[in-house]
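I have placed the structure first, in the form of structure tokens, so that the comments after it can refer back to it.
Readers should treat all values here as calculations from the given coordinates under stated rules, not as data from a laboratory. Here the structure is a predicted model, which is why all the values come from computation and not from measurement. Quick reminder, even Gly has a Cβ in these numbers, built from the backbone with ideal geometry, and neighbours come from all protein chains shown.
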Protein chains: 4
Amino acid sequence: MIITFKKDAPKEELEQLRSALEEKGIKIADASSDTVGLYGLIGDTSVIDKEKILAYSWVTDVTRITVPYKKASRQFHPEDTVIQVGDIKIGGNHPIVMIAGPCSVESEEQIMEIARGVKKAGAKMLRGGAYKPRTSPYVFQGLQSKGIKLLVEARNETNLPIVSEIMSSDQLDEFVENVDILQVGARNMQNFDLLKKLGRINKPILLKRGLSNTIEEWLMSAEYIMSEGNPNVILCERGIRTFEPLTRNTLDLAVVSIVKKLTHLPVIIDPSHATGHWELVETAALASIVAGCDGLIVEVHNNPECALSDGQQSLKIKKFEELMKKAEKLAAFTGRNM
Amino acid sequence: MIITFKKDAPKEELEQLRSALEEKGIKIADASSDTVGLYGLIGDTSVIDKEKILAYSWVTDVTRITVPYKKASRQFHPEDTVIQVGDIKIGGNHPIVMIAGPCSVESEEQIMEIARGVKKAGAKMLRGGAYKPRTSPYVFQGLQSKGIKLLVEARNETNLPIVSEIMSSDQLDEFVENVDILQVGARNMQNFDLLKKLGRINKPILLKRGLSNTIEEWLMSAEYIMSEGNPNVILCERGIRTFEPLTRNTLDLAVVSIVKKLTHLPVIIDPSHATGHWELVETAALASIVAGCDGLIVEVHNNPECALSDGQQSLKIKKFEELMKKAEKLAAFTGRNM
Amino acid sequence: MIITFKKDAPKEELEQLRSALEEKGIKIADASSDTVGLYGLIGDTSVIDKEKILAYSWVTDVTRITVPYKKASRQFHPEDTVIQVGDIKIGGNHPIVMIAGPCSVESEEQIMEIARGVKKAGAKMLRGGAYKPRTSPYVFQGLQSKGIKLLVEARNETNLPIVSEIMSSDQLDEFVENVDILQVGARNMQNFDLLKKLGRINKPILLKRGLSNTIEEWLMSAEYIMSEGNPNVILCERGIRTFEPLTRNTLDLAVVSIVKKLTHLPVIIDPSHATGHWELVETAALASIVAGCDGLIVEVHNNPECALSDGQQSLKIKKFEELMKKAEKLAAFTGRNM
Amino acid sequence: MIITFKKDAPKEELEQLRSALEEKGIKIADASSDTVGLYGLIGDTSVIDKEKILAYSWVTDVTRITVPYKKASRQFHPEDTVIQVGDIKIGGNHPIVMIAGPCSVESEEQIMEIARGVKKAGAKMLRGGAYKPRTSPYVFQGLQSKGIKLLVEARNETNLPIVSEIMSSDQLDEFVENVDILQVGARNMQNFDLLKKLGRINKPILLKRGLSNTIEEWLMSAEYIMSEGNPNVILCERGIRTFEPLTRNTLDLAVVSIVKKLTHLPVIIDPSHATGHWELVETAALASIVAGCDGLIVEVHNNPECALSDGQQSLKIKKFEELMKKAEKLAAFTGRNM
């Protein structure tokens, strides 16, 4: 960490800052010039609150050299984290995992038909929303507990592990008992209270990146979960908000390389939300494989025109089968398999 | 609502859509040309899920003419909503309300000194965080219940109503019992589960705009609270995320006029978060008064250099007194008073 | 085009608008309801200035159904445009064209070594900046005319056509005489005066997307060139500006599919500027091939550490050879070739 | 400037970098720790190209402590720059200057009526576009030379100096001869060739901030003009591009304080483009006065409904008179006058 400051900083305040830092075990290398003050901080700076130092009016800037997360950082955990769900492994050099299913569970018939369809096409897990974060209170909010039950039935028949979004810590027992991977949605990425509670269970957490959150903020949210004791975090990029109106979001594909360099956690891509249009999903999914993702989570519906949510970005089962064939070939070509 | 579609839309699907709309009491005006299909939808379209219509592959676009919120809309509620807390009224043509206090409650001594200071300077309410949403799990997370108790003590002495942020529905009882205005932070603006629960109480809710949420999304979050029965929503703009690195956020001052036209709810401004630097707070606060805000919420600290959070954007009590004097004069000049 | 308006619009003004539209050959379908006015406009609306209609205070919105560009639109030109430079064809189903070379031409030795290196590795064209748009006036601004001469020498030896950025219409004669493809940089995408002048020559124009320009604005800039008579436009995505600080820009890969649907023009990708870090270039380039681009433009340097500009995002020749091998295999796999 | 680097940096390369820096007169303070390399650079770092240093693969970051502009910086020029046009002075503590007029000059009648109207209301200068940067080539492009002539006629009659946008260096002689302040539009903010040419004349340049340019980039564009010898630069904020669709742009009002701290140049605000809606202009203009701007540039039209461009954001003359009255009172209240 580097602190730059004005040379006319009050001596006592400067001394106060030095003492406070040294008490935390930080050594200070002074590289000040005649015109600018400059301290290099040596030691574990993750415990230092950058904002507190910036509060001194004579401090001009504080820059981190080392990352503010520890558990998530590859520096202290060089080998890849691999998340295991039943027989399926996500991360490391394990095959790319396809997770597929409807945006929302709508009925027994619907979830069963889709579950059978995506399994037959080669998906390894089933996604489906039971509690739905919808922008409007007046539209379908999900089947809730009934949705979870239907997902469990679908798993019983197809043997596909299930992924579903948890919206509140009230639902924690229900999810721990029934769901294999608990998803934290983009809008809850900085719901720190929920993150802490998810850190006290052992189930894998699929943590979506927020609509306009930086990679560092995203990794700090992973750190929230991990610092409470749950190391099983899967990162999921789902597109970020930009000024472009023709797509729902802009897929930030560079995150795969960046996140794999900075952390040891698996990274999966959601090409459905990242584009918002079913016609753009296949290309985004295939590009994600080339980018080195550990998995994909794709919206599939038996009847998108009648979907109660996100039909516009859902693939029909037939189209999903085509995607799987192309994806498997491409994965094999890149030496990774699916 | 306007639906545009391709002329080669399958007849049955088009018929299916028409029936579904008509069942909801919508009338359809057909203004299609030889090359483009165009339906104007007449009736209460707030119950229609735009996404569902877009799921038809032959639908090219769906555009709302009327807003998707009802309770928050000025159309059905022309007079200004006025929120009352003790003797203080927020909204309408009532005086502009100044809410001031530290980012976080840190100690009895700290909160008491600040509470006395801001009251003397003219603040009408006291803000203070007890539960703090911090990006890092390794920095100060707030005094939590102890913080709430200290706020209550400060209110007991100064008679200033208190505003504090609720981070989880677990804290609901504690907040309903002790806090006068419950704040929903920017990161929880689309925590729909929390919003619904806040809709079932009667206390005023101060709803901050999310970091990169549109005005319409913000008003839909207000609608979540109102649709559950709580009409007491105060909107709070706190700056949006842009590409500019020199400020923490960019204050979007146009929201005051826009939100007051679209809704009947009071709007207040948080110039501290909107700028992120104490030197920029005064100007932003005064500009907000000219823009017509109903209140201001400002961070004040007795010792910003030692603040456990956000010291960089906190005003010293002395500086806050100066701001209050200028603000009062300016408010009087604009005919609104403080 | 759809116009929505208030029902209390002044009759004469409404009549004035109707007449003005009808004079331009537009037919009006009236789909107004009791509460909202709604006109559907039928005919060639590309000549209509949306802003002018919005200027009526009683007009609430104007929405385009058809695109505002004609020459660039696939609607009126269904077959792909193929740009030919010597033997090389860009667009259609022709092989993906690799354009490579240094950010800036720096010396005869440098450009020759790089030209030979990229040719040997399989590049089909040579890029190199002679006039450089640099943020600071105090850093290297390019060799200018000498740079163009060195590029011509490199072409003479290697037979690689050359691509270079034109910064001003003053340079037009020099570029028309010497350069094979004239590049318009991101910062000049809406330099309409330059675009018009480039529309009056016949050489191919490589039009980069602006830092924060929408796809529609980009296509309108292509239309500026085409409307003056030059149909030879190649679109180049080079990343857009977002809030993420870890990458220089965010590559918007969805543009390939979108632009190919909306227009008939070739689309190439610049993975060097889109990421800003050489370590991220290969992945972005390969993902672009999967996304269906018609070409790539990549920065390569013989000695990036000593590059006078953009060394951070330049590949060494050795690394570029590896990229070419992977790219060729991947292109063959996708059935497109390079 | 601070350079951080990996401790395993190759010795010769590190030495090469040190020598190169020392040759430019820079002293190096070494504050490296056992794990991280850290150099503080002391001296005039404005001549150093940050990108070149980042090109070393072992350099992890380069951070500027001092600003990269010199002529524009207040550090070396503490007193305010005051731009004089006839009797009018812009900047320092001189009265706030109101510049008003139509987006485009359309006819003699139009410009004369508006010029007389805004003069009577209190405007000190007349704005009017003759060469218009329009997104579409198919809409009105301005009266061009005829427009300049009409502006000169309007000046002859009203004595108001004229401000107009130059789009190309071809127009330089015409503008130098006829126009009092040459405006560089947002889309040309980084048209460095034009900036350099404007640096070789003496007329004041009104430099608009680009749609998504940082404050530092904007000041570097000012530096381009100033480094060529023209010190007469006026900065103009006109709103930035964000994700919010309800306003054309988002006015970044914090720039006034920030730019006045960093530079000695006058800053004016364009509330018309910053909001895009005439109903929002007055509030934005008044807030800008409170924020401390040195001037305002406002679009006014005698008949906005018939304006050939930007009618939606133009004030009627009557409305402009009201704005002037409020603005004058508010300016007087703030002790600045108009």
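A few comments on the model shown:
- Across chain B, C-alpha contacts under 8 Å between residues 6 or more apart give a mean separation that, scaled by the residue count, equals a relative contact order of 16 percent.
- Cα centre as origin, Lys/Arg/Asp/Glu Cβ charges: the protein assembly as shown dipole, Debye: 0 debye
- Residue by residue along B:67-77, Cβ atoms of other protein chains within 10 Å of the local Cβ number 1 on average.
- Placing a label point 7 Å from Cα along the Cα-to-Cβ direction at D:ASN159 gives distances to the equivalent points in the other copies of 5.9, 7.4, 9.4 nm, listed shortest first.
- Tensor-based shape of region A:8-111 (alpha-carbon gyration tensor, a/c under 1.5 rounded, otherwise prolate or oblate): prolate
- Taking every C-alpha pair closer than 8 Å and separated by at least 6 residues, the mean separation divided by the residue count of region C:93-134 gives a relative contact order of 52 percent.
- Chain D shape via C-alpha gyration tensor axes, a/c threshold 1.5: prolate
- Legend: ranking of residues C:SER46, D:SER164 from fewest to most surrounding C-beta atoms inside 10 Å; resulting order C:SER46, D:SER164.
- Considering the rotation that superimposes chain C on chain B, the residue of C whose beta-carbon lies nearest the axis, and that distance in Å, is C:ALA31, 2.
- Counts of other chain beta carbons within 10 angstrom of each beta carbon in peptide D:234-242 average 3.
- Residue of B:LYS70, B:LYS52, B:LYS27 that the Gaussian network model of chain B assigns the largest fluctuation, springs spanning Cα pairs under 10 Å: B:LYS52
- The relative contact order of region B:11-150 comes to 13 percent, based on Cα pairs under 8 Å that sit 6 or more residues apart.
- Over the protein assembly as shown: helical MRE at 222 nm, DSSP H runs n ≥ 4 each giving -39500 (n - 2.57), nearest 500: -10500 deg cm²/dmol
- Listed pairs B:LYS197/B:LYS261; D:LYS119/D:LYS316; A:LYS120/A:LYS318; C:LYS50/C:LYS70; B:LYS124/B:LYS149; C:LYS146/C:LYS316 exceeding 18 Å between Cα atoms: B:LYS197/B:LYS261; B:LYS124/B:LYS149; C:LYS146/C:LYS316
- Taking the fewest neighbouring Cβ atoms within 10 Å as the starting point, the ordered list for D:CYS293, D:CYS306 is D:CYS306, D:CYS293.
- Cα-based shape type of region C:157-307, given that a ≥ b ≥ c are square roots of the gyration tensor eigenvalues and the cut on a/c is 1.5: oblate
- 7 Å along Cα→Cβ, label-point gaps from C:GLU322 to other copies, nm, shortest first: 3.6, 5.8, 6.7
- Inter-chain neighbour count for C:99-107: the average number of beta-carbon atoms from partner chains within 10 Å of each residue's beta-carbon is 0.
- GNM top mover of A:THR242, A:THR35, A:THR66 - chain A, alpha-carbon springs below 10 Å: A:THR35
- Residue order, fewest to most surrounding Cβ atoms within 10 angstrom, among C:MET167, C:MET112: C:MET112, C:MET167
- A point 7 Å from Cα along Cα→Cβ stands in for A:MET112, and the other copies hold the same point at 6.9, 7.7, 8.4 nm, listed in rising order.
- For chain A, modelled as a GNM whose springs connect Cα atoms under 10 angstrom apart, the maximal fluctuation among A:TYR131, A:TYR39, A:TYR224 occurs at A:TYR39.
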